[in-house]
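Please treat every number below as a calculation from the coordinates, not as lab data. On a predicted model such as this, the values are computed, not experimentally measured, just so you know. So basically every Cβ, Gly included, is an ideal-geometry build from the backbone, and we count neighbours across all protein chains shown.
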Amino acid sequence: MIADFIRVLRAADVRVSPAEAIDAADVIGAVGLVDRNILKYALGQCLAKTEPEKRAFDTCFDSYFNLPDMEQAPMPETQAEADDDTSEDPDASSESETGGGQEATSEGESSLAQMIEQNDQAGMQAALADAAAASGLDDARLFTQQGMFTRRILEAMGLEALDATISQMRAQGNEARRQQLENGRAQVFEEVSEFVERQISMRTKNAGRLLREEALSRIRLGHLDKSDMKIMRELIRKLAKRLATRHARRRKKAHRGMLDVRRTMRRNMSNDGLLFNLHWKRTKVERPRLVVMCDVSGSVAAVSRFFLMFLYSLDEVMPRTRSFVFSNRAGEISDKMTAGDMDEVMTQALRDYGGGSTDYGMAMEDLADAVLDEMDHRTTLLVLGDARSNFGDPGHLLLKEMATRARRVIWLNPEPEASWNTGDSEMRRLGAYCSHVQVCNSVRDVERVLDNLLRVSV
């Protein structure tokens, strides 16, 4: 149950870690399911962290844990009068209980019919919960499945036996009881249908958006439609946050280092050799000193925009980044990325440095003038461009000089590999001085590149 509820929360953009899921299971074991208010408060404390998440949690909890109240179907007046007469006559009551009367419920009749007649709401809710679990409702993902799961649940609750009892009452001419059961059947059908609708709604709340995000993460960035820009920006922020969290944990773990046995023994001499105080070797962790150079000409600009947006979102784990953009002349935008809105920064960068005729030779010269003297064994040079120089100087000799000083040079090309070294592409000459060359034209590619970069830097 808790695993399914957590899937519902995650579908509603409530972040739940595996550790928090374990805590939630412990909470349910401690407080139980009887008092829903206590359960809601306890689960909320360990699963919802922010105000938006708390609001989403409240909505999900109310929908998930509250089964519908099955209202008693109204009885015909004749049936109600008959019941009143029976209650006033002890003999008649005894007869009914022993099964001698016409209104008695035999052992072979539907349990659902019994619950309808007795207005057994607790039994009805228990039957609904069991039937929902047996029907596989937890796996429902499409609104088109509502009718199918409604039918499955009704059948599991005993719809077929109820229909048989109604047919029997019709054959016997017991119109009062038949009418009561038919009214009850209609009420149960409505309640089950609404319950299934709410359950599917919880599980599919963000299904469309999630599917769209998954598709956009794999599409070539140069083929994006303007209508997808907003979703793409949110997707990049989400992926960058996940990446930053992952490597912040790795860096913290790596920083602890290995156990220093000599110092540990020395510290615990007063404890008769019992190792109460541990001493760890400190591991010096250097964050990458990153220099980024992005082509913003033509179709490459779309990839550069989102690549720089990704870097901007990773400022926590990659704070020492110098960012340059170019089409012919290269210009630094590092300060603007730190201080301003990323969309505005990129719009200005494209206006100031984009749109011109690509000149890698001139761009490499500008980059070398700005960063060559600062490059050392801690520096990673990351170039994003299609390496098309319009048959001019590609600047490969300057790249060679920077490569001799830097720790590594990584070239990311948004074009398919089959297009490299065709026409005015200088990928062969430029790639000769790179430690790593790969295709990068989607968000997934960008995430993979930066993930690997952060792994190597630890």
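Counting alpha carbon pairs within less than 8 Å and at least 6 residues apart, what relative contact order, in whole percent, applies to the stretch 2-66? Please list the in-between numbers first.
On the way: 51 pairs, mean separation 24.8, N = 65.
Contact order relative to length: 38 percent.
For the residues E117, E20, E197, what sequence is obtained by ranking on other C-beta atoms within 10 Å, fewest first?
On the way: E117 20, E20 17, E197 14.
Lowest count first: E197, E20, E117.
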Which value, in debye to the nearest 20, describes the size of the charge dipole of the stretch 288-457 about its Cα centre when Lys and Arg Cβ atoms bear +1, Asp and Glu Cβ atoms bear -1, and nothing else is charged? 540 debye
On full extension of the chain, what length is gained from D373 through D163, given 0.36 nm per residue of separation minus the C-alpha to C-alpha distance? 66.9 nm
Please label the shape of the stretch 288-457 as rounded, prolate or oblate, based on the square roots a ≥ b ≥ c of the eigenvalues of the alpha-carbon gyration tensor (a/c under 1.5 means rounded; beyond that, a/b larger than b/c means prolate, else oblate). rounded
Distance in nm between R405 and N277 label points, each 7 Å along Cα→Cβ, equals 4.7 nm
Once fully extended, how much extra length lies between R198 and E51, figured as 0.36 nm per residue of separation less the alpha-carbon to alpha-carbon distance? 50.6 nm
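At R0 = 30 Å, how high is the FRET efficiency between A156 and I38 if r is their beta carbon distance? Nearest 0.05 is fine. Please report the intermediate quantities before stating the final value.
Values: r = 30 Å, r/R0 = 1.00.
My answer for the efficiency is 0.50.
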